[in-house]
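What follows is a short report on a single structure.
The values are calculated or read from the model by the stated rules, or taken from the named source; none is laboratory data. Values in this document were obtained by computation on a predicted structure and should not be read as measured data. As a convention, Cβ positions derive from the backbone with ideal geometry for all residues, glycine included, and neighbour counts pool all protein chains shown.
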Amino acid sequence: MRASGVTDLAYLDSTDAAYVRTFRAQIRARPPGAVVLDRTYFYAAGGGQPADRGLFHVPSGRTVEVVDVTKSGSAVLHRTRGTPGALDDLAVGTEVEGVLDFERRYRHMRLHTAQHFLSARIFARANIRTQKAKLGGREGTLDLEGMVVAGILPELAEDASEALSRPRPVRIRHVPRAEWDLHPSTRSGLVRLAAHIDPVRVIEIDGIDACPCGGTHVRSTDEIGRIAIRDPVPLAGGCCRLTFTLSEETATPSA
């Protein structure tokens with residue numbers, strides 16, 4: 001289904017933007033079962049990161065659930081659930097207040113930054129790149145282009161401990177495409193960018209990694225929490241899958 005309108009992805013602007021919990025926006029379109037806003041801080045599922053969830057508060061005082069968020073061209077579809085009366089309040093032109101389920105959002109931010117960190121350290125220690133990653137619930141998986149030996153796991157655990165004890169800032173940079181394409185051999189991930197992407201939104205973990213990404217991330221590696229890594233599982237073609245989980249103890253994010 002195609003939806004009319006263009007949605008400004010406000011969460012892309014900076015790492016601080018990922019911490020926004022409430023915002024106001026105007027309804028641009030009402031495709032069946034969904035709402036398209038002029039701007040949003042809800043993350044639409046993609047790149048291995050699940051969608052955000054939350055609520056809309058409408059002027060009548062009613063509340064509508066946001067149960068899924070997806071992209072349709074340049075529009076973001078916020079799938080909604082609520083009483084017939086509340087859904088009727090979601091008319092084109094109406095201003096709503098969006099409220100994110102921040103516990104879910106923040107868990108995905110931690111997982112996503114942990115994934116970038118682990119992919120970078122695996123590449124640095126074993127010269128093995130990440131083919132794809134998937135985040136969900138309280139764990140993440142890395143599909144790697146080669147087989148990681150179990151002996152590297154203690155070294156990765158040591159790296160993860162250092163990320164907590166000696167925090168590294170996480171930043172967003174927008175790099176001209178011509179500059180980004182100069183050194184592909186130094187990248188930890190096999191990310192293939194569409195030809196039209198310019199500049200490239202790069203997530204940079206200071207001194208550790210720089211990777212193109214459209215997801216949400218924490219401001220510092222000490223917010224990730226403790227990382228536990230399971231033994232690698234062999235996949236076809238000499239590849240493997242690595243699963244990691246995060247502890248519930250972490251630095252408290254500021255608003």
Legend entry - Residue under evaluation Gln115, criteria (1) crowded, with 18+ Cβ neighbours inside 10 Å; (2) more than 16 Å from the chain's Cα centre (by Cα); (3) within 17 Å of Gly215 (Cβ to Cβ), criterion not met: (2)
Inset, instruction - Test Tyr11 against the criterion of being surrounded by 15 or more Cβ atoms within 10 Å (Cβ to Cβ), in a loop (DSSP other than H, G, I, E, B) and either out of contact with any strand residue (DSSP E or B) (no Cβ under 8 Å at 6 or more places or on another chain) or in contact (Cβ under 8 Å) with a residue 60 or more places away in the chain (or both), and give yes or no. - result: no
Legend entry - Within the range 181-221, considering residues that are surrounded by 12 or more Cβ atoms within 10 Å (Cβ to Cβ) and of a type in the set (D, E, K, R), the one nearest to Asn127 (Cα to Cα): Arg187
Inset, instruction - Would you be able to say whether some residue in the range 127-134 is without any contact (Cβ under 8 Å) to a residue 60 or more places away in the chain, outside any helix (DSSP H, G or I) and touching a helix residue (DSSP H, G or I) at 6+ places or on another chain (Cβ under 6 Å)? - result: yes
Legend entry - Single residue of the range 57-96 satisfying the filter (charged (D, E, K, R) and free of Cβ contacts under 8 Å to residues at least 60 places away in the same chain) that is farthest from Tyr41 (Cα to Cα): Asp88
Inset, instruction - For the range 24-47, indicate whether the set of residues that are part of a loop (DSSP other than H, G, I, E, B), under 17 Å from the mean Cα position of the chain (by Cα) and surrounded by fewer than 21 Cβ atoms within 10 Å (Cβ to Cβ) is non-empty. - result: yes
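Residue-by-condition table, conditions (1) out of contact with any Gly (no Cβ under 7 Å at 6 or more places or on another chain); (2) assigned to a strand (DSSP E or B); (3) crowded, with 19+ Cβ neighbours inside 10 Å; (4) not assigned by TED's automatic domain parsing to the domain that holds Tyr43:
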{"residue": "Pro59", "(1), (2), (3), (4)": "yes, no, no, no"}
{"residue": "Val64", "(1), (2), (3), (4)": "no, yes, yes, no"}
{"residue": "Thr70", "(1), (2), (3), (4)": "yes, yes, no, no"}
{"residue": "Leu77", "(1), (2), (3), (4)": "yes, yes, yes, no"}
{"residue": "Gly85", "(1), (2), (3), (4)": "yes, no, no, no"}
{"residue": "Leu90", "(1), (2), (3), (4)": "yes, no, yes, no"}
{"residue": "Val96", "(1), (2), (3), (4)": "yes, yes, yes, no"}
